[in-house]
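What follows is one structure encoded as structure tokens, with my remarks underneath.
The values are calculated or read from the model by the stated rules, or taken from the named source; none is laboratory data. Keep in mind the model is a prediction, meaning the values are calculated, not measured. Virtual Cβ from ideal backbone geometry, glycine too; neighbours counted across all protein chains shown. Surface areas here come from the heavy atoms of the whole protein model, side chains and all, with no ligands, DNA or RNA. Shrake-Rupley method; radii C 1.70, N 1.55, O 1.52, S 1.80 Å.
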Amino acid sequence: MAAIAAISIPMLTSCSDDDNENPVPPCIETEITEGVFLVNSGNSGNQIPGSLTYISKDGGSTLNAFATANGRVLGNTPNDVIVYGSKLYIAVTGENTLEVVDKTTMKSIKQISTTELMGEDKGKSPRRLLSDGGHVYLSTFDGYVAAIDTTNFAATDIYQAGSYPEGMAIADGVLYVANSDYGNGEKPSISRIDLKSKTSTEIKDDNINNPTALAVVDGTLYILDYGSYDASWNQVGAGVYKYDGNSVTKVTDATMMAVDNNRALIYTVNAPYSSTPEPVTYNQYDIKTGTTQTFITGEDVFSPAAITVDPTNGDVYIASYNKNSDTGYADYAENGYVNRYTLEGIFARKYETGVGPTAFAVNISNANLR
């Protein structure tokens, strides 16, 4: 297999508007984080619809941002969100829709029926999102990925993946798709789709059991795999694995991950399901050195639900359920919260969020500093 090109975002780009010989460029283009979006899946059993929370860099959190701006809710089980250009894209699994939203006003630009976009046999249960090259890629549990043009919102291509695809990554003209097989362990794989030739091959390995998220860093594909369950329903084997083109090896235990490509770091949460729960760990894996160290101890996180990292400054956001005062367990019918930590693991701020925090998207814009 050819080497996988690393994906990185340049932090600073010099620029000039004149033709003189001034050795100092008059402007520098830099990335600025405006805030962080978080989709909350709600609770379908309690008929609580999903929602959108916006965490501002200058203030607190805005709950129900989508519903307030549009006079309607997102619906049943929003599952993923990304920012691409001036738009926000939200995959709503239970509604078979993709919401396209103005990221500034929160107004809906278009609500796309994924079954109309991709067909009834390909577009049900949209799951994960990825953006690249003027397209948004959307996976569905039907086993397909749509490449959606961001100007006319048409599906320019529909690729067949594997069983119950989830997260994706793209590098060097190749789309990688994590085929979870819904945790059944019978047909898990990683689809490797060449976007130019539109040919696909499957990466299979004994260490690929329930892949759910992917990332490419420094030429290596990293896989978050949920592992499997033993006879007592204890989750085993969950972790971050790396694929170097030949073999799949485990690098650290994890049930969630967030990748800082600019610093070559992977932040992990390890909270496997177990009949005798063990303490949750929150670590930082250094890709360059291959070492893992504690990021935070996590006493201030009751029940972790999602994690992301801001690539501009290294801040880490961890979403959590609150504790139900009656049962003592996670409360799946009440609002959750988000803790923000600095690159050094120092607690910075706590924010309220909606019911069922699920997926983050960092809102980054470019600004010219003169």
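Heavy-atom surface analysis with a 1.4 Å probe gives the stretch 224-370 a carbon and sulfur content of 46 percent of its accessible area.
In percent, rounded to a whole number, the relative contact order of the chain is 16, using alpha-carbon pairs under 8 Å and six or more apart.
Taking a threshold of 25 Å on the Cα-Cα distance, which of the pairs Lys103/Lys198; Lys196/Lys288; Lys196/Lys250; Lys87/Lys124; Lys250/Lys288 fall above it? Violating the 25 Å limit, Cα to Cα: Lys103/Lys198; Lys196/Lys288; Lys196/Lys250.
Using bins of 5 Å that start at zero, the share of Cα-Cα pairs per bin across the stretch 67-134 amounts to 4, 18, 27, 27, 18, 6, 1, in whole %. For the stretch 272-300, list residues with backbone N below 18 Å from a point placed 7 Å from the Cα of Lys323 toward its Cβ? Residues passing the 18 Å test: 277-281, 297-300. With the charge dipole of the stretch 281-355 set up from +1 on Lys and Arg Cβ and -1 on Asp and Glu Cβ about the Cα centre, the Cα lying farthest toward the positive end among the listed residues Phe347, Asn313, Tyr329 is that of Asn313.
Comparing Pro188, Pro277, Pro165 in a Gaussian network model of the chain where C-alpha atoms under 10 Å apart are linked, the largest mean-square fluctuation is found at Pro277.
Distance between the C-alpha centres of the stretch 70-148 and the stretch 248-296: 29 Å, rounded to the whole angstrom. Taken along the Cα-to-beta-carbon direction at a fixed 7 Å, the label points for Asp157 and Ser247 span 3.2 nm. Pairs of Cα atoms nearer than 8 Å and 6+ residues apart set the relative contact order; for the stretch 285-353 it is 24 percent. For the stretch 105-215, the Kirkwood hydrodynamic radius comes to 14.1 Å, computed from all pairs of different C-alpha atoms. Close amide H partners of Ala330, meaning residues 5 or more places away or on another chain with modelled amide H under 5 Å apart, are Asn324. Per residue, the stretch 256-336 exposes 48 Å² of accessible surface when a 1.4 Å probe is rolled over the protein heavy atoms with every protein chain present.
Taking 7 Å along the Cα-to-C-beta vector as the label spot, tell me the Thr312-Arg263 distance in nanometres, rounded to one decimal. Roughly 1.6 nm, to one decimal.
A 1.4 Å probe run over the protein chains yields, for the stretch 93-158, 40 Å² of accessible area per residue, whole-number rounding.
Rounded to whole numbers, the Karplus 3J(HN,Hα) couplings from phi for the stretch 202-208 are 10, 9, 10, 6, 4, 8, 9 Hz, using 6.51 cos²θ - 1.76 cosθ + 1.60 with θ = phi - 60°, and x at Gly and Pro. Around the amide H of Asp157, modelled in the peptide plane, lie the amide H atoms of Ala147, all under 5 Å away and 5 or more residues distant in sequence or on another chain.
If the segment from Asp300 to Ser275 were pulled out straight at 0.36 nm per residue, it would be longer than the present Cα-Cα gap by 6.7 nm. Averaging 1/r over every pair of different alpha carbons in the stretch 282-370 and inverting the result gives a Kirkwood radius of 14.5 Å. Stokes-Einstein diffusion of the chain at 10 °C, 1.306 mPa s viscosity, Kirkwood radius from Cα pairs, rounded to a whole number: 75 µm²/s. Maximal additional length on extending the Glu116-Ser365 stretch stands at 86.4 nm, based on 0.36 nm per residue less the C-alpha distance. Measuring nothing but alpha carbons in the stretch 50-178 and taking Rh as the Kirkwood radius, the Rg to Rh ratio lands at 0.97. For the pair Thr201 and Ala69, the difference between a 0.36 nm per residue extended length and the Cα-Cα distance amounts to 43.2 nm.
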